[in-house]
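Right, one structure below, let's go through it.
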Amino acid sequence: MSTDPEKPTEQESDVTRREFLGTAGAALVVAAAVPGVAVEGQTARPAGTPSRPRTQIRLTVNGAQRRLEVDDHWTLAEMLRDHLRLTGTKLGCERGECGACTVILDGKTVYSCSYLAVWADGKSVTTVEGLAKNGALDPLQQAFVVHDAPQCGFCTSGQLMSAKALLSANPAPTVAEVHAALAGNLCRCSNYSRIAEAVVAAGAAGATRRTSGGGQ
Amino acid sequence: MQDNPRRIATSSVSPMKAIGQPTPRIDAADRVSGRATYTRDVYLDGMLYAQVLRSPHPHARIRSIDLSRAKALPGVKAIVTHENCNYVWGAGSIAGGVQYNDDLKKITKQRRYAFNNPVRYVGEPVAAVAAVDRHVAEEAVRLITVDYEVLPFVLDQEEALKPDAPKLWPEGNISLTARNEAAPTVSKRGDVEQGFREADHVFEERYSTAMCHNAQMEPRSVVAHWEGDKLTVYTPTGGIANCHHDIARDLGIPDEKVRVICHYMGGNFGNKNQNQDTDLITAILAKEAGAPVKLEFSRKDDFIGMHGRWPTVQYYKVGVKNDGSLTAIQLRTVSNMGPYRKNNGGVAGIELYECPHTESTLFPMYTNRTTSANYRGPNDPQGYYPIQSLMDDVAYAVKMDPVDFILKNMVKDGPRTRFTNYTLDECIRKGAELFEWKKRWKPVAGSGDGPIKRGAGVAFMSFRSGVGNSSAVLTVDARGQYTLYVGVTDVGPGAKTTMNIIAADELGVPLSQVKVVWGDTDTCPYSVGESGSRTTIMTGEAVVTAARDLKKQIAEKGLPTGTGLLKASASPNPRVEGKTRNCFGAHFVEVEVDTELGGVRFLKYVAVHESGRIMNPLTATSQIKGGVGMGIGMALHEDLIYDRRTGIPLVTGYYFDRIPTHLDVPDVDVTFIEADDGYGPYGAKSVGESGMIQTPAVISNAIYNAIGKRIKDLPITRARILGALA
């Protein structure tokens, strides 16, 4: 299918690209390890796009350091989806009502639709693509699979990120604690009890691993 | 909390291998890792972005549109309006509101175009712009100037019936039937007047239900792309086959020149088993611009530009004898269809009861509101709530326990209706037992001390599970690897996992030995589409038929060699002759109502369903739980209200729509009574819609039991509860 995160759609002007590559050399090495994402031109804008104020930011995306030039008005979600092609982060309302775009920024959840990309300068962002490690699903993702937490799946990334942040703060939450912590993540399939089941199970399994000395 | 549903097998059900095992979705890893590709995740080289300009008026004639400033904006590549995008959107307005087909397109008088003049609701598309990015497109939309002649409007369906109401169409405000007649739809049995004469008591009541938006999490978006004269459309649709044919028909091009792709869809919930105006608009923009175009809806676009459940006003008159038996039911329904007839506008409910004399009259009315359409159980929850609330009142009035009243009067397997199998009584008895009905229900509604009052309610369901035509193609290669091609899109219930389970069981191989190919009209055969809770039944039956054929071929010829394939195609079109095939269910709920603050809390929710044999108890249970959750939103929260003075919709997002959250939905205790009536794949029946249908009714009855006041309008808000108690 032609929908994979393909090569950047258009070239930037030569000047911009040279400047960009000159400053982004160090990040290039790291980011090139991320399959399917080429660093140069990843924030490129199509030819004919009106010039808008841009700012260079440094941030860590799913563990990889990035140096990026971004339009000042881009939201974090827009940068992640349209320009880094991390499309696991979904946009359900773009006004902070639904939580589908939830990401973890420096350990706290934010709605990436309501957070500017430039504000992420110097911070570390984790998206749903950053949960699996070395191709293995995170135990939380695995619990979502086993407990049928995604129905249509559109809210799932946001639910996972809120749940991940919850488990970091409260490793073995109760059902009520999960519902309270995830109240900002809507699910129109109303699969809330399945989602809570999955998070509680992931927490309980994590507690067992810790007690038995096994790490993950 | 239960991990699995409680399952009670009737004698007709013999164990199978994969069927009946709780099976995680085969695509679950993609869904939890961000790899699942939804329409808006599609990026094509040189792709433009589109935005829609919408009418700010509920009813207006467009005198002229000035595009000069928008066209002058750098980066704008194409603009379409009613002047240069003059395509009929066939499925957008259908005489009679029945399933759309080629013949209906010819006779439908009240045609809906991709862009209409006059515009008939706030939010109706007026123009669309494609530009190099979404910000330029947004700016261009703001630079378009439209000169409107504002016309009088009507929002309320009963107002629209009045002779002096503003007219939306020359033929008047009653939506035309499939024969283009402007008359209400009447169906009757017996003679209701005779029934009322025979009654000891006659009850009359008015109920109303509100518009609820599908509000699926994925806002509508489309990517359209021409390669020469071949159009590819990525679009969220529950039925790629129907959407495909609709697009070709509307654009006047051959079917084979259109390809529709939908691999993942962020929720369906109704009226998406066809094309949408957005598909046409994006295709024409892409043609004009000579580049791929992605149209993106905002949440507000989706709320005001799509569709929701039709609001209704229902007038019931019911006759009953002293012994609690029904003598007559009469119903007059006025449904609010918005300005176009997409679906029928009817309400279910009367068929649930054994009654000799019934009469139902439906007025599907045009108004200047967002279009109404099918939404999970199109006619059902808004039909079940009034009649089951009223029958609950009747039960109290004749001093009967509501469960006994239902058992006495509910539809039976008998001369009037012959069912393929019948378990409604079992669902109700089992539910009452699991719920401990006698312990939780109060014989005197509203009794008890203190501001927090508890109450229990019951409601039931008998819902179509028809069989019908769908297709599947199955191949096997030299290594014994099977590939199943099905035109499903897997909108959430887990269709492709179900198809995989059915194929694996019939072939006698592990799930992993069958690869499922789905969601693309260039590779998949016709499928009935994921609507009407019928994919498992109809496409599942096609999978069984194809698998049996392929097994026979293998037995005769052996496995192919080299790169050869054996292939079986099936398009069965089974029928249930002379019988009715329904699924059944009963819900019981205990609520706590705060009589000082008006809040409702759920203490226990029991759902017992007979949906034939359950293919995958894991996903089937999720459907019931989720259906109840949606039903709670409809029962207590959701109402797309309008400003009466301006005709502007006030609920244009989740915040004011108040769809249920993690804090609103209780865990539901789900039981499946399993049966095999000999139809469908191994006896499978409908699941998807069945969880939602009786939820508003059961909550209404529990609230009545708690506070002793009947709320006769949905949603049952805090304000309405406090108003009833004041």
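Where a number appears in this text, it was derived from the coordinates with a stated rule and is not lab data. Only a predicted model underlies this, so the values are computations on that prediction, with no experimental measurement involved. For neighbour counting, all protein chains shown are included, and Cβ atoms are generated from backbone atoms with ideal geometry for every residue, glycine included.
Assorted remarks:
- In a simple Cβ point-charge model (Lys, Arg +1; Asp, Glu -1; nothing else charged), chain B has a dipole of about 200 debye relative to its Cα centre.
- Legend: mean number of C-beta atoms from other chains within 10 angstrom of residue C-beta atoms, peptide B:131-137, equals 5.
- Loop sites in the range B:124-207: GluC sites (Glu not before Pro), DSSP, at most 13 other Cβ within 10 Å: B:181
- Here the residues B:449, B:41, B:200, ranked from fewest to most Cβ neighbours within 10 Å of their Cβ, fall in the order B:449, B:200, B:41.
- Shape category assigned to the range B:409-489 from the gyration tensor of Cα positions, a/c cut at 1.5: prolate
- Positive-pole candidate from A:205, B:514, B:84, dipole of the protein assembly as shown, charges at beta carbon: A:205
- Amide hydrogen neighbours beyond the local backbone of residue B:260, cut-off 5 Å, H modeled: B:233, B:521, B:522
- Global form of the range A:139-211, assessed from the alpha-carbon gyration tensor, a/c cut-off 1.5: prolate
- Sites matching trypsin sites (Lys or Arg not before Pro) across the range A:49-102 that sit in DSSP coil, with at most 11 neighbouring C-beta atoms within 10 Å: none
- Computed about the Cα centre, the dipole magnitude for the range B:570-688 is approximately 480 debye when only Lys and Arg (+1) and Asp and Glu (-1) carry charge, each at its Cβ.
- Per the Kirkwood formula applied to alpha carbons, the range B:515-579 shows a radius of gyration over Rh ratio, Rg over Rh, of 1.05.
- Note on residue B:718/residue A:180: beta-carbon distance plugged into 1/(1 + (r/R0)^6) with R0 of 22 Å gives a FRET efficiency of 0.60.
- Binned Cα-Cα distances of the range B:530-620, short to long, each 5 Å bin given as a whole percent: 2, 9, 12, 13, 12, 11, 10, 8, 6, 5, 4, 3, 2, 2, 1, 0
- Taking 0.36 nm per residue of sequence separation and removing the Cα-Cα distance, the residue B:438/residue B:513 pair yields an extension gain of 22.0 nm.
- Nearest-0.05 FRET efficiency for residue B:11 and residue B:575, computed from C-beta distance (R0 30 Å): 0.75
- Pairwise Cα inverse-distance average, inverted: Kirkwood Rh of the range B:466-602 (Å): 16.9 Å
- FRET efficiency for the pair residue A:55 and residue B:69, taken as 1/(1 + (r/R0)^6) with r the Cβ-Cβ distance and R0 = 22 Å, rounds to 0.15.
- Virtual spin-label span in nm between residue B:548 and residue B:158, 7 Å along Cα→Cβ: 5.4 nm
- Cross-link reach is defined here as a Cα-Cα straight distance under 28 Å, omitting same-chain residues fewer than 8 places apart; for residue B:551 the lysines meeting it are B:17, B:496, B:515, B:567, B:685.
- Entries of A:90/B:342; B:579/B:625; B:442/B:709 with Cα pairs more than 18 Å apart: A:90/B:342; B:579/B:625
- Extreme residue, positive dipole direction of the protein assembly as shown, given options B:641, B:190, A:162 (C-beta unit charges): B:190
- Over all Cα atoms in the protein assembly as shown, the spread is summed up by Rg and Dmax: 27.8, 92 Å.
- Three-way shape call for chain B based on the alpha-carbon gyration tensor, with the a/c threshold at 1.5: oblate
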